[in-house]
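The numbers here are math on the coordinates, done by the rules we state, and not lab data. Small disclaimer: the values here were computed from a predicted structure and weren't measured.
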Amino acid sequence: MRLVAATSDLFLRSRIGELAKQTGADSFFGTEPDELRRLVGENRPELVILDLSSTDYDPFSVARDLKTTYNARLFGLYPHVRTELKKQADEIGFEYVVPNSNFLPSLRRVLLERAEDD
C-alpha cells in the first residue's frame, strides 16, 4: 500500500510515517499542489491524506483535481470545531473525513484493513 499525505506539520508527518511503516505502507509527503500532483501521478497511492484546515495549499482545489485526474481515494482531517470543512469534503466525495482527535486511530484502522486486502 502507498499513501501520499499533504501536511507541513512535522509531528503529524512523523506519526503518519511511523504508522505507515508499522502497517507495511509506503508514505510520501508534500504540501505544494504541483508536488502533490507529481507524487500521486508517480506513485499511484491507494490513499491521499489532506489536512482540510491547511493554509499551505487549498485542500479542496487539490482534492477536486486529484479526484478528477487520478480518481484518488481521499482521507481528510479537520478541527472538530470546523464542521463546515467536513461538509465540503463530503460534497467533494472524500472516502474518509475525521476530526483531528480521531485521525490516527482511524488511519491505523484503514491501513490495517487495506493491508489485509492485499
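3J(HN,Hα) couplings calculated from phi for region 104-116 with the Karplus curve 6.51 cos²θ - 1.76 cosθ + 1.60 (θ = phi - 60°) are, in sequence order, 5, x, 5, 5, 4, 4, 5, 5, 5, 4, 5, 5, 5 Hz; Gly and Pro show x. Database remark: amide H of Gly76 closer than 5 angstrom to the amide H of Leu50, Tyr96, Val97, Val98 (H placed geometrically; neighbours at sequence offset of 5 or more, or on other chains; Pro and chain starts carry no H). In plain terms, the C-alpha convex hull of region 12-66 casts an average shadow of 3.8 nm² when viewed from every direction. Between the amide H of Phe29 and those of Ala5, distances stay under 5 Å, these residues lying 5 or more places away or on another chain, with hydrogens modeled in the peptide plane.
A simple rule links phi to the HN-Hα coupling: the Karplus curve 6.51 cos²θ - 1.76 cosθ + 1.60 with θ = phi - 60°, which for region 78-83 gives 8, x, 4, 7, 10, 5 Hz, with x for Gly and Pro. Coupling constants for region 47-62 follow from the phi torsions by the Karplus curve (6.51 cos²θ - 1.76 cosθ + 1.60, θ = phi - 60°), and in residue order they are 8, 10, 9, 10, 7, 5, 9, 5, 9, 6, 7, 8, x, 7, 5, 4 Hz; glycine and proline get x. Close amide H pairs (under 5 Å, H built 1.01 Å from N) link Leu47 with Arg2, Val4, residues at least 5 positions away or on another chain. Between Phe29, Phe11, Phe103, the GNM of the chain built on Cα springs shorter than 10 angstrom shows Phe11 fluctuating the most.
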